[in-house]
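Some notes on the structure that comes next.
None of the figures in this text is laboratory data; all of them are computed from the coordinates on show. Since this is a predicted model, take the numbers as computed values, not measurements. Glycine also receives a Cβ, built like all others from the backbone with ideal geometry; neighbour counts cover every protein chain displayed.
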Amino acid sequence: MTDCAFRPARALLLAALLGSGLALSGASMAQVSVNIAIGVPPPAPIYEAVPAPRAGYVWMPGYWDWDDHYRKHAWKKGRWERERPGYVYESPRWIQSRDGWVLVPGRWDQGGYKDKGPKNKGHKDQGSHCPPGHAKKGEC
């Protein structure tokens, strides 16, 4: 048998191996999360009037994001997003770390904040949510 008889089989095997490797690397890349610390603290938040409630939606307030292209903070406007029953939205926030400022991305938290007051004694599943910053304003 000549080497030519094995070429189509080798090409097919090579294509299958490369394809599976690309599929696996794509799936693993989807799980990667990178936090970049920057030396510039975010500016004060921009005031945005919270629109009237919309049934079935949650207001996601605006926040400062880092624009790596322009090397500065860029304001991302607040927006509505469809609610996720059983979850509470936590807004993005900046924290100061040893290496600089890091943006903790917004996320949906299952369970949310729990009210530890006497009215919920014995009822672990009952809880209330007060978005960050609203309790200080007396809104919760």
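Numbers below:
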quantity	calculated
Paramagnetic label zone (point 7 Å from Cα along Cα-to-C-beta, ILE36; backbone N under 18 Å) in region 90-111	93-106
Extension gain from ASP99 to ALA52, taking 0.36 nm per residue of separation minus the Cα-Cα distance	13.0 nm
Cut-off 12 Å between beta-carbons: net charge of the residues surrounding TYR63, Lys and Arg +1, Asp and Glu -1	+1
